[in-house]
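Here, each number is a calculation from the coordinates, and none is a lab measurement. The structure presented is a predicted model; accordingly, all values stated were derived computationally and were not measured. Note that we place each Cβ from the backbone using ideal geometry, even for glycine, and neighbour counts take in every protein chain shown.
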Amino acid sequence: MLWTYAPVTYQLTFFLLFRQEKPHISSTILPRNMLAVRNHKQIIMTNLSTTYLGLKLKNPIVAASSEMTGTLDDLKKIEAAGAGAVVLKSLFEEEIQMEMEQMKQQMTGRPYVYPETMDYMDNPMEEDQVRKYLRLIKDAKAELKIPVIASINCVSSQKWTYLAAEIEKAGADAIELNMFILPTDFTRSSVDNEKIYHDVVNQVSSEVNIPVSAKVSYYFSDLGPALRRLSETRIKGLVLFNRFYAPDIDIDTMRMTSGHVLSSSSDIHISLRWVAIMANRVDCDIAATTGVHSGSDAIKQLLAGANVVQIASVLYRNGPEYITQMVSDITNWMEKMEFDTIDDFRGKMAQEKSTNPAAWERAQFMRHFRHFVRTN
Ligand SMILES: Cc1cc2nc3c(=O)[nH]c(=O)nc-3n(C[C@H](O)[C@H](O)[C@H](O)COP(=O)(O)O)c2cc1C
């Protein structure tokens, strides 16, 4: 009652002195894709959705091709953890050709040996790798809601490309061509090698209507222009860059061994630099891969201009469940920075938009050499 009769100025003073700040809901206690209360007014749903190869993804975390994406069980775990899409483990061109040759052999009765293939295959005598792969696609499409991208590891456009149509028929949402031509054939020029990439993407693209992407390495003599030329084919995406088997030497046994199979976060930099340089300079989407081990790493690649990131090593290290953490970390960061959608910040740090574009091209440590402090 008393309050009702208090002078308006008194009420106003009281209100100004004792008003409670509307509590800011800390992003850390909110579930993913939470409601964010900002400026005491807006209620915004942080939106991580993005498009890649024309497909709609609920977030930009894609499980990269590896054994982790080779069984339906693991694919379900990856989806349950919140991935935006999956790229199935690769079917190797050699496996396809092997199967074709085995069929031929059965028909003619001639013995056949395909030596290069043996290294690649867990079970080289198993005959139906291709059929198994098509079944994996069908099963994944039946069980998962997220896009399923098939992957073919190829080194030529010879004979096998008919299979792209089978992959499409099996229901894959897209095909990723994992291509790698190590430039060690001294009789071939860089132009010859580049032509192989173009032949493969042209041939496969002519066989299917689903989007095709190219996963490549940085072993090109003119990397930037070569990536751009590749993007001007019918591919819808470039995956930058694949990580390969790295030969090493055991000095005690003097035998060849394998270098680190799994990447670490510090391996992100080659890919990060080139995503930033190529963003807005290619006619297709960019997926960043190698060294993305956390939500922060993913954010860096999105800032550089990637549409999505593809992760493998971190799934081996921490299990598929870690995807939940990564998505949550991206969401929390967007909240903190007040970005409502991925497009609000994607490419903000790309070279083309950068206030210091030369920083992406810096190759020498010059300044660091002068001031670098020894740690021992
Ligand atoms: C054990 C293992 C197996 C892989 N198998 C494939 C494969 O079959 N096809 C492919 O395109 N990439 C394959 N990759 C490469 C990954 O898809 C990924 O691009 C690469 O490892 C870089 O990402 P990361 O740093 O997150 O591991 C494999 C990687 C690892 C570690």
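Brief remarks on what is shown
- Residue check for ALA288: within 16 Å of the ligand (Cβ to nearest atom) and out of contact with any Phe, Trp or Tyr (no Cβ under 8 Å at 6 or more places or on another chain): yes
- Tally of residues being crowded, with 21+ Cβ neighbours inside 10 Å and either within 13 Å of the ligand (Cβ to nearest atom) or charged (D, E, K, R) (or both) across the stretch 51-65: 5
- Some residue of the stretch 305-322 being aliphatic (A, V, I, L, M), at negative phi and away from the ligand (no atom under 15 Å from the Cβ): no
- Residue count for the stretch 163-200, restricted to those that are within 16 Å of the ligand (Cβ to nearest atom), within 19 Å of the chain's Cα centre (by Cα) and under 30 Å from ALA142 (Cα atoms): 7
- Within the option set SER271, SER263, being of a type in the set (S, T, N, Q), within 14 Å of the ligand (Cβ to nearest atom) and outside any helix (DSSP H, G or I) holds for one residue only, SER263.
- ASN280, sole failed condition from (1) more than 12 Å from the ligand (Cβ to nearest atom); (2) outside any loop (DSSP other than H, G, I, E, B); (3) surrounded by fewer than 20 Cβ atoms within 10 Å (Cβ to Cβ): (2)
- Condition met for SER221 (among the hydroxyl-bearing types (Ser, Thr, Tyr) and away from the ligand (no atom under 16 Å from the Cβ)): yes
- Whichever residue in the stretch 229-244 is crowded, with 24+ Cβ neighbours inside 10 Å and hydrophobic (A, V, I, L, M, F, W, C) and, among such residues, is farthest from the ligand (Cβ to nearest atom): ILE235
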